[in-house]
Amino acid sequence: MTTPSTPTPASETSTSTAASGTKPTPRTTTSWLRDHSELGVCALLLALGVLVLTDALTMDVDITQRGPVGPKTVPVVVGIGLLLVAALLAVDVLRGGRGQAETGEDVDLTEPADWRTVALLSGVFLGSAVLIEPLGFPAAGALLFWGAAYALGSRRVDRDPLIAAVLSLAAYALFDKLLGVPLPGGPLMGVL
Amino acid sequence: MNALNSLLDGFGTALTPLNLLWAAVGVLLGTAIGVLPGIGPAMAVALLLPVTYGLDPTGAFIMFAGIYYGAMFGGSTTSILLNTPGESAAVVAAMEGNPMAKSGRGAQALAAAAVGHFAGGMVGTLLLVALAPTVADLAVDIGAPDYFAIMVLAFIAVTSVLGSSRVRGLASLLIGLTIGLIGLDQMTGQQRLTFGSLHLADGVDVVIVAVGLFAIGEALWVAAHLRRRPPEPIPVGRPWLGRADLRRTWKAWARGPFIGFPFGAIPAGGAEIPTFLSYVTEKRLSKHKDEWGKGAIEGVAGPESAASASAAGTLVSMLTLGLPTTAVAAVMLAAFQQYGIQPGPLLFEREPDLVWGLIASLFVGMVLLLALNLPLAPVWAKLLRIPRPYLYAGIMFFAAVGAYAVGGEVIDLVMLLVIGLIGFGMRRYGLPVLPAVIGVILGPAAEQQLRRALQISDGSVTGLVNTPFSVTVYAVVVLLLAWPLLRRALPRRATTAAESSEAPETPEAPEAPEAAEPPTPSGPRT
């Protein structure tokens, strides 16, 4: 133990990480695409740049222009910047550069991404969002917490709903009553 | 003298029962957040932004500052007992602290860290008291071109100093600037990127962006890669220091602040670099060189003291210039915007109660933190065992509360999820989150200052560089941009060595740490 065992190596150059990432294995199109999935980021940046530029250039500013720099200038600069960065990033990726996925205490990057959990979490989040108005915040919030804990692998049917209910009611009381941020109580709070 | 009087008035503000309560809430929350894996101070402050709707600014900022300092204290506990540093500031604490804990000296490591934070925070805050009014006086008549220069500096610093890839930092910044463009143009009322939507015409609230990127993005990212069995913390007793330990640590405590404070004040990545520098300094000065790597107590004391002092330095630039140098400062800046307060040189004139109350509460918070952390460290360590599903479900829950509190509209929650998914993608592909947040927070303001400056100069670009202040700032910007070239020219030895050893697992040679890069944290924990 003579060396600091920080979990991630300080890889200053993104190229050095790529050396271990690309294996000299079958050069099929799918595996190439998987290795270069970061090109998707370039595509998105490119699309965003085009969107920003289109919006800026179709702006009708004849009447509203005041001063030498109008509302168009900065969007045009940002749009061109996006196009440039998309190109630069593509060059970097094609030359073997890779963005380093973020690590953390609870992150295990050796396992493949668990898309089911991500989809489930997003679904639970959207579902509870829709339910806030009809059910009220305390009920929808409790469902959100319970659902999210379930999606993340907690299966304590006795404990999870209880924690969810207490947390949700406490947050409702804190925001609605103490801080004066109105949250809808819903039919449940009407009864209580 | 004047600063001293103001500080005394500040204590008058900070010691009112209500503000004391907010300070206590802040340091308690901050310590918990620092200890908890997965949540960093920036995410915590972002999640708490909605309280700005209901709280007076003084109370809110006293609480936020308590969280900032508290998270520093708590973060080292995680580093020492788990060896998985959460906050970037706590990376170095793991290097000597964890071996100490493994060999049964965890209590001493925790004590050295806690007292180090206390010393660093105290000295740092004293320097803040001494320097901030002077900086504010010097900068008091800065105008539009100067503000624009400062914001350019923030943009450049955050993309090129932090993180490992400039292109990716720049991409992140541009994404943030784009989000900042959405809505009505502030000067002409022109609709931009609204696509005819009435909801988008209001712009995307900065609370939603910060919470989405920091909290939802993080929760989703962790969910995709959740470690099946979380690491077990090393059990530890009550922190204490023996006489021999004290003899070895006091100099390290005293040196740390003077390394940490200046680095906190400049946009150089917050506590990362100074903690590492302090580590190297202490190692070179140590009489017990054989212990380094196996648990040298100076290696915990110095860097932790530097870390807290850098937090104070961060506040100098944030309060006097409105320049955020860390993620927490960026989110605090967003909170200032929520209140319609412009941090900058005039803040000390216009809001003396707020500023000095905040500064005085830092001293109060520091004492509270020492009292909380020395005897209670084993209790805090229990937080490390929290079931991860609850932790991340809780983050999702509070993120939803915060976004809904913005306007009471369900569409905001949908937007929050979309921005969270962007944050997820950014973490997957190594785009740092902080530049995007800075882009959203400072982008609109920078555009306004730019246009104002050019209006005054009637469109001539010289209007941007016609003050000594702005010229100085641009000089710093050029220096930052040229820095990689300069650095490449200097330690050629270290770069070639790193490239020849292809394996990224190879740890940096500890013999030449001054040539090596400071250790990158396990991801800038927000």
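The values are calculated or read from the model by the stated rules, or taken from the named source; none is laboratory data. It should be emphasised that the depicted structure is a prediction, and the values quoted were computed from it without experimental measurement. Positions of Cβ are generated from backbone atoms using ideal geometry, with glycine treated the same way; all protein chains shown enter the neighbour counts.
When B:L358, B:L347, B:L362, B:L319 are checked against the criterion of being under 30 Å from B:Q108 (Cβ atoms) and either away from chain A (no Cβ under 14 Å) or surrounded by fewer than 24 Cβ atoms within 10 Å (Cβ to Cβ) (or both), a single residue qualifies: B:L362. For the range A:78-97, filtering for residues that are facing another protein chain (nearest Cβ under 9 Å) and outside any loop (DSSP other than H, G, I, E, B) leaves 11. If the condition is being within 30 Å of B:G97 (Cβ to Cβ) and in contact with a Phe, Trp or Tyr (Cβ under 8 Å, 6 or more places away or on another chain), then the range B:328-350 contributes B:V328, B:V331, B:M332. B:L319 fulfils the conditions (1) closer than 25 Å to B:I142 by Cβ; (2) part of a helix (DSSP H, G or I); (3) without any contact (Cβ under 8 Å) to a residue 60 or more places away in the chain except for a single criterion, (3).
Mind checking whether some residue in the range A:98-106 is free of Cβ contacts under 8 Å to residues at least 60 places away in the same chain, surrounded by fewer than 24 Cβ atoms within 10 Å (Cβ to Cβ), facing another protein chain (nearest Cβ under 7 Å) and in contact with a strand residue (DSSP E or B) (Cβ under 8 Å, 6 or more places away or on another chain)? Yes, some residue in the range A:98-106 is free of Cβ contacts under 8 Å to residues at least 60 places away in the same chain, surrounded by fewer than 24 Cβ atoms within 10 Å (Cβ to Cβ), facing another protein chain (nearest Cβ under 7 Å) and in contact with a strand residue (DSSP E or B) (Cβ under 8 Å, 6 or more places away or on another chain). For the range A:133-145, a residue qualifies if it is at the interface with chain B (Cβ under 8 Å from one of its Cβ atoms) and under 23 Å from B:F424 (Cβ atoms), and the qualifying residues are A:G141, A:L144, A:F145. Only a single criterion out of (1) outside any helix (DSSP H, G or I); (2) away from chain A (no Cβ under 11 Å) is not satisfied by B:L55, namely (2).
State all residues of the range A:72-97 that are within 30 Å of B:N83 (Cα to Cα) and surrounded by fewer than 17 Cβ atoms within 10 Å (Cβ to Cβ); if no residue qualifies, say none. Within the range A:72-97, no residue meets the criteria. Considering only the range B:188-200, I want to know if a residue exists there that is buried (at least 24 other Cβ atoms within 10 Å of the Cβ), touching a Ser or Thr at 6+ places or on another chain (Cβ under 9 Å) and of a type in the set (S, T, Y). No: the range B:188-200 contains no residue that is buried (at least 24 other Cβ atoms within 10 Å of the Cβ), touching a Ser or Thr at 6+ places or on another chain (Cβ under 9 Å) and of a type in the set (S, T, Y).
Evaluating B:L21 against the criteria (1) under 28 Å from B:V433 (Cα atoms); (2) free of Cβ contacts under 8 Å to residues at least 60 places away in the same chain; (3) aliphatic (A, V, I, L, M) leaves one unmet condition, (1). Among residues of the range B:431-460 being crowded, with 24+ Cβ neighbours inside 10 Å and among the small types (G, A, S), the one that is farthest from the other protein chains (Cβ to nearest Cβ) is B:A436. For the range B:237-271, enumerate the residues that are part of a loop (DSSP other than H, G, I, E, B) and small (G, A, S). Passing the criteria: B:G237, B:G242, B:A268, B:G269, B:G270, B:A271. For the range A:29-54, filtering for residues that are part of a helix (DSSP H, G or I) and either small (G, A, S) or under 17 Å from A:V85 (Cα atoms) (or both) leaves 16. Scanning the range B:346-381 for residues that are among the small types (G, A, S) and closer than 20 Å to B:P233 by Cα yields B:A377, B:A381. It is to be established whether one or more residues within the range B:127-147 are within 14 Å of another protein chain (Cβ to nearest Cβ) and at pLDDT below 90. Within the range B:127-147, one or more residues are within 14 Å of another protein chain (Cβ to nearest Cβ) and at pLDDT below 90.
When A:V181, A:V124, A:V118 are checked against the criterion of being within 11 Å of chain B (Cβ to nearest Cβ) and in a loop (DSSP other than H, G, I, E, B), A:V181 stands alone in meeting it.
Close contacts from the range A:110-123, counting a first residue that is of a type in the set (A, V, I, L, M) and a second that is modelled with pLDDT of 90 or more and part of a loop (DSSP other than H, G, I, E, B), with Cβ to Cβ under 8 Å and a gap of 6+ residues or different chains, come to none at all.
If you check B:A371 against the conditions, is it crowded, with 24+ Cβ neighbours inside 10 Å and either away from chain A (no Cβ under 14 Å) or in contact with a helix residue (DSSP H, G or I) (Cβ under 6 Å, 6 or more places away or on another chain) (or both)? When the stated conditions are applied, B:A371 does not pass them. Residues that are closer than 23 Å to B:S79 by Cβ and away from every other protein chain (no Cβ under 13 Å) occur in the range B:213-235; there is at least one. Can you find a residue that is without any contact (Cβ under 8 Å) to a residue 24 or more places away in the chain and over 23 Å from B:A44 (Cα atoms) anywhere in the range B:210-230? Within the range B:210-230 (the criterion being without any contact (Cβ under 8 Å) to a residue 24 or more places away in the chain and over 23 Å from B:A44 (Cα atoms)), the answer is yes, since at least one residue qualifies. Going by what's in this entry, would B:A309 be described as within 28 Å of B:G38 (Cα to Cα) and touching a residue at least 12 places away in the same chain (Cβ under 8 Å)? So B:A309 fits the description; yes. Checking each residue in the range B:165-202 for being more than 29 Å from A:Q100 (Cα to Cα), within 8 Å of another protein chain (Cβ to nearest Cβ) and hydroxyl-bearing (S, T, Y) picks out only B:T188. Can B:G408 be described as surrounded by 21 or more Cβ atoms within 10 Å (Cβ to Cβ) and over 30 Å from B:L110 (Cα atoms)? In short, no. The residues listed here are B:G104, B:G54, B:G66, B:G59; of these, the one that is free of Cβ contacts under 8 Å to residues at least 24 places away in the same chain and more than 30 Å from B:R247 (Cβ to Cβ) is B:G54.
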